[in-house]
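Data first, discussion second: the structure below is written as structure tokens.
The values are calculated or read from the model by the stated rules, or taken from the named source; none is laboratory data. These numbers come from a predicted model, not from an experiment. Cβ: placed from backbone, ideal geometry, glycine included. Neighbour counts: every protein chain shown. We work out accessible area using only protein heavy atoms, side chains counted, and drop any ligands, DNA or RNA first. Shrake-Rupley method; radii C 1.70, N 1.55, O 1.52, S 1.80 Å.
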Amino acid sequence: MPIRPWRATSIQIKSERATQAPDDASAKALIQRNVDRLVGLIEQACDSAQKPDLVVFPEFAMQGPPLKMHVREWIARACSSIPGPLTAPLQELAKRRGIFISGNMFEAPPEWPGRYFNSSFIIDRQGEIILNYRRVNTAAFPSVHDFMSGYLAVTPKEQVFPVVETELGRLCVIPCGEISVPEVARAMMMQGAEVILHPGMTNTVDRE
């Protein structure tokens with residue numbers, strides 16, 4: 001089926017890090033500021049003369065990186081489910097503006113208590129989460145690789161490296177440094193991916 005031309009906009013954002021908050025309550029307020037800032041930038045993009053069909057925002061945009069925080073502490077301080085309270089404003093925005101939104105966040109799924117993942121997602125024009133990729137190859141964070149047998153026991157294989165059919169084509173998401181692992185792109189390509197969305201890293205400790 002022919003696909004009409006469409007526009008993608010990459011959002012870069014300077015966000016605050018939840019690890020630097022003095023306590024969990026302050027961290028949640030900090031995360032809300034990041035989300036509000038992100039929503040505002042997407043609104044600006046939609047109000048421009050070149051309204052996007054799809055917006056991609058970077059890794060660490062909402063919560064920052066966990067750095068040296070222990071798993072349980074980071075889950076309590078910053079993590080959320082997908083869908084959940086951190087995706088809800090983006091889902092409302094996507095539906096109201098009629099756009100796709102893709103990005104990255106640290107997810108603590110209720111079905112996996114005590115675990116969190118570096119997850120990337122896509123929201124469609126109706127505000128629905130249509131893809132959630134829990135990153136397999138990570139530099140410093142927990143991964144489904146840590147308990148792959150248990151993960152595969154309840155996760156369809158095609159959802160380990162998910163691809164979604166949309167009016168923009170067949171989309172997948174590969175975050176940050178995992179884009180340098182060729183097997184990931186190859187696995188998604190073999191499932192029909194036509195476009196790779198790449199939420200790259202922001203909010204590092206060694207650069208502005």
Meets criteria (on the phi > 0 side of the Ramachandran plot and either in contact (Cβ under 8 Å) with a residue 60 or more places away in the chain or open to solvent by less than 80 Å² (accessible area, probe 1.4 Å) (or both)) for Gly177: no
I'd like to know if the stretch 149-159 contains one or more residues that are under 22 Å from Arg7 (Cα atoms), out of contact with any Asp or Glu (no Cβ under 9 Å at 6 or more places or on another chain), open to solvent by 70 Å² or more (accessible area, probe 1.4 Å) and touching a residue at least 24 places away in the same chain (Cβ under 8 Å). no
Could you go through the stretch 169-186 and let me know if any residue there is among the acidic types (Asp, Glu), in contact with a helix residue (DSSP H, G or I) (Cβ under 9 Å, 6 or more places away or on another chain) and part of a helix (DSSP H, G or I). yes
Quick check: is even one residue across the stretch 182-193 of a type in the set (S, T, N, Q) and open to solvent by less than 20 Å² (accessible area, probe 1.4 Å)? no
What's the number of the only condition in (1) free of Cβ contacts under 8 Å to residues at least 60 places away in the same chain; (2) surrounded by 15 or more Cβ atoms within 10 Å (Cβ to Cβ); (3) among the hydroxyl-bearing types (Ser, Thr, Tyr) that Ser48 fails to meet? (2)
Among the listed residues Ser102, Ser10, which satisfies the condition of being of a type in the set (Gly, Ala, Ser) and open to solvent by 10 Å² or more (accessible area, probe 1.4 Å)? Ser10
So Val184 passes all but one of these: (1) in contact with a strand residue (DSSP E or B) (Cβ under 8 Å, 6 or more places away or on another chain); (2) aliphatic (A, V, I, L, M); (3) in contact (Cβ under 8 Å) with a residue 24 or more places away in the chain. Which condition number does it fail? (1)
Candidates Ala94, Ala76 - the one that is surrounded by fewer than 22 Cβ atoms within 10 Å (Cβ to Cβ), in a helix (DSSP H, G or I) and of a type in the set (Gly, Ala, Ser): Ala76
Sort out which residues of the stretch 17-45 are surrounded by fewer than 19 Cβ atoms within 10 Å (Cβ to Cβ) and either touching a Pro at 6+ places or on another chain (Cβ under 7 Å) or assigned to a loop (DSSP other than H, G, I, E, B) (or both), and write them in order of number. Ala21, Pro22, Asp23, Val39, Ala45
Kindly evaluate Pro83 against the criterion of being open to solvent by less than 30 Å² (accessible area, probe 1.4 Å) and assigned to a loop (DSSP other than H, G, I, E, B). no
Criterion violated by Phe57 - all others in (1) within 18 Å of Ile99 (Cβ to Cβ); (2) under 16 Å from the mean Cα position of the chain (by Cα); (3) open to solvent by 20 Å² or more (accessible area, probe 1.4 Å); (4) at pLDDT 95 or above satisfied: (3)
All conditions in (1) more than 16 Å from the chain's Cα centre (by Cα); (2) open to solvent by less than 10 Å² (accessible area, probe 1.4 Å); (3) farther than 23 Å from Gln12 by Cβ are true of Pro109 except (1)
